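Mind having a look at this structure? Questions to follow.
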Amino acid sequence: MKISKKAEYALRAVLAMSRSATGTIFSIQSLAEEERIPLKFLEQILLILRKGGIMHSRRGAGGGYQLVRPASRITVGEILELVDGPIELLPDGNSLSPGLTSAFQELQGEMQAWLTKMTLADVMQREQLRGAVSFDI
């Protein structure tokens, strides 16, 4: 299973927004440049996230996009599902044995639980921990 490029860009954009102070408004252009995401693609993604209640937009001078909730209340699973739909390990009408089907259903349940528990704040904390380790001489 792989996440789509659209989902990857959505996660990168929302994480970039989460790293700034609450209430910060982001222009699509600056976010696209900062995260190296094609502008037209980012516009589509932000529209999906706005409709999904992750952010809202402001028009006019000084307008842009703003997160509705703090990073601690936005999950990785929520973003993935908004952008790519439900994550399914097994296609409808799979031809696996009942035992394998059961095993994959269990795996899917565990993965779904992890995705709905992992917040953007958790991801940023992991980034900080990785950044704190340095092997420079």
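Please determine, in degrees from 0 to 90 and to the nearest 10, the orientation of helix 5-18 with respect to the longest principal axis defined by the Cα atoms of the chain, where the helix direction is its Cα long axis.
50 degrees
Could you state the orientation-averaged shadow area of the convex hull built on the Cα atoms of the stretch 5-132, in nm² to one decimal?
In nm², the orientation-averaged hull projection of the stretch 5-132 is 9.5.
Just how large is the dipole of the chain about the Cα centre, in debye to the nearest 20, putting +1 at every Lys and Arg Cβ and -1 at every Asp and Glu Cβ?
So the magnitude is around 560 debye.
May I pose another question? As a check on your grasp of the helix formula, calculate [θ] at 222 nm for the chain: sum -39500 (n - 2.57) over DSSP H runs of n ≥ 4, divide by the residue count, round to the nearest 500. Walk me through the numbers before you get to the answer.
Details: 6 runs with 77 residues, N = 137.
Result for the chain: -18000 deg cm²/dmol, rounded to the nearest 500.
Another question about this same structure. Counting only C-alpha contacts under 8 Å and six or more residues apart, can you give the relative contact order of the chain as a whole percent? Spell out each step's value before the answer.
Working: 140 pairs, mean separation 36.6, N = 137.
Normalised by residue count, the contact order of the chain is 27 percent.
Right, here's the next one. Let me check I've understood the local charge: for residue 16, count other residues with C-beta under 9 angstrom from its C-beta, Lys and Arg +1, Asp and Glu -1. What total comes out? It would help to have the intermediate numbers written out before the result.
Details: positive: 12, 19; negative: 34, 35.
Spelling it out: positives minus negatives among the neighbours equals 0.
Give me the net charge of residue 65's neighbourhood, meaning all other residues with Cβ under 9 Å from the Cβ of residue 65; Lys, Arg count +1, Asp, Glu -1. Working shown, then result.
Working: positive: 50, 58; negative: none.
That sum, taken over residues with Cβ under 9 Å, equals +2.
Throughout, read-outs are computed from the coordinates displayed, never taken from laboratory work. All values reported here derive from a predicted model rather than from experimental measurement. We place every Cβ from the backbone using ideal geometry, glycine too, and count neighbours over all the protein chains shown.
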